[in-house]
Structures are given as structure tokens and as C-alpha cells.
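K.L.:
Sharing a structure, written as C-alpha cells. Questions coming.
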Amino acid sequence: MAGTPTAVRPLLTVSPNPFNPATTLAFHIEAAGDVRLTVHDLRSRPVRALTHRVLPAGDHTVRWDGKDDVGRPVAAGVYLARLVADRQVTAAKLVLIKQGAHESTAANSARSEVFTSSVSSWISVIFSARS
């Protein structure tokens, strides 16, 4: 129909999130090209390079197993996924939970929401200088 707005697909989504032990990052690129997808801690230090290669246009998924570049499990906490494609930088929050004997998934999920507003504002600051 003419005049009907089309839905804009998010460039980078994470599911499940919070996660344990792994999550899938999904993204869509409009044109073939060089794509870099990395995971960083909140101090913007690289934790894991998930992909850095030329990909065709379309939908793609990459799994992160909660490990760093040398295969060590990372600590529970908030991480940032950084996607660079077609000269655009996009980021998403990742929350890795490690459930202890006395902690519930609901408690971890609620705790992750506390970080949402501050992490969202940090994303643009952390990655704007690293493009």
C-alpha cells in the first residue's frame, strides 16, 4: 500500500539475553562487504573477535559461547557487542549470567535491567572514538 511505513529491522539483535552459557547475535547487512563483530567489556577492552570477513548481503547469525579469544570462560557481567559493517557501527548489550546455587534466573534478569540505562548511554561514548 502506498504511504504505509515499512518496518525497520534492527541491525543487531541478541537472543537469549541474559544468557548462559551461549547466545546468538543476529544482524542484517544491506550490501556485501567487510564485517567485524567483536565483544568488549565495559571498559571497551576487546574480549572476543567473533567474525572479521567479507559477508554477502542478507541475514547472518554468530554464536558467542561466553569465552574470550583464547577459549577461557569470561566472568558473569555486562558486555558490549560491536558490529562494524558498511562504515556503520552498531552496538548491543550482552548480559552473561552464571547461576549459583542460591541465585535465580529471575534475580539475575532483574539485576541486568539496572544496567540498561547506563549501558545504553555508554555504548555511544565507548565506540564513537573507536570507529
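The values are calculated or read from the model by the stated rules, or taken from the named source; none is laboratory data. A quick note: this is a predicted structure, and the numbers were derived from the prediction, not measured. Every residue, glycine as well, gets a Cβ built from its backbone with ideal geometry; the counts of neighbours run over all protein chains shown.
K.L.:
Taking strands (runs of 3 or more DSSP E) that do not extend beyond the range 20-98, which have at least 3 residues that are in contact with a His (Cβ under 9 Å, 6 or more places away or on another chain)?
P.N.:
In the range 20-98, 23-29, 33-40, 46-55, 58-64, 77-85 are the strands (runs of 3 or more DSSP E) which contain 3 or more residues that are in contact with a His (Cβ under 9 Å, 6 or more places away or on another chain).
K.L.:
Given the conditions (1) at pLDDT 95 or above; (2) outside any strand (DSSP E or B); (3) touching a helix residue (DSSP H, G or I) at 6+ places or on another chain (Cβ under 6 Å), which single one is not true for residue 17?
P.N.:
Answer for residue 17: the failing condition is (3).
K.L.:
Turning to a different aspect of this structure: Do we find a residue being under 17 Å from residue 19 (Cβ atoms), at pLDDT 95 or above and loosely packed, with under 15 Cβ neighbours inside 10 Å anywhere in the range 54-64?
P.N.:
Yes.
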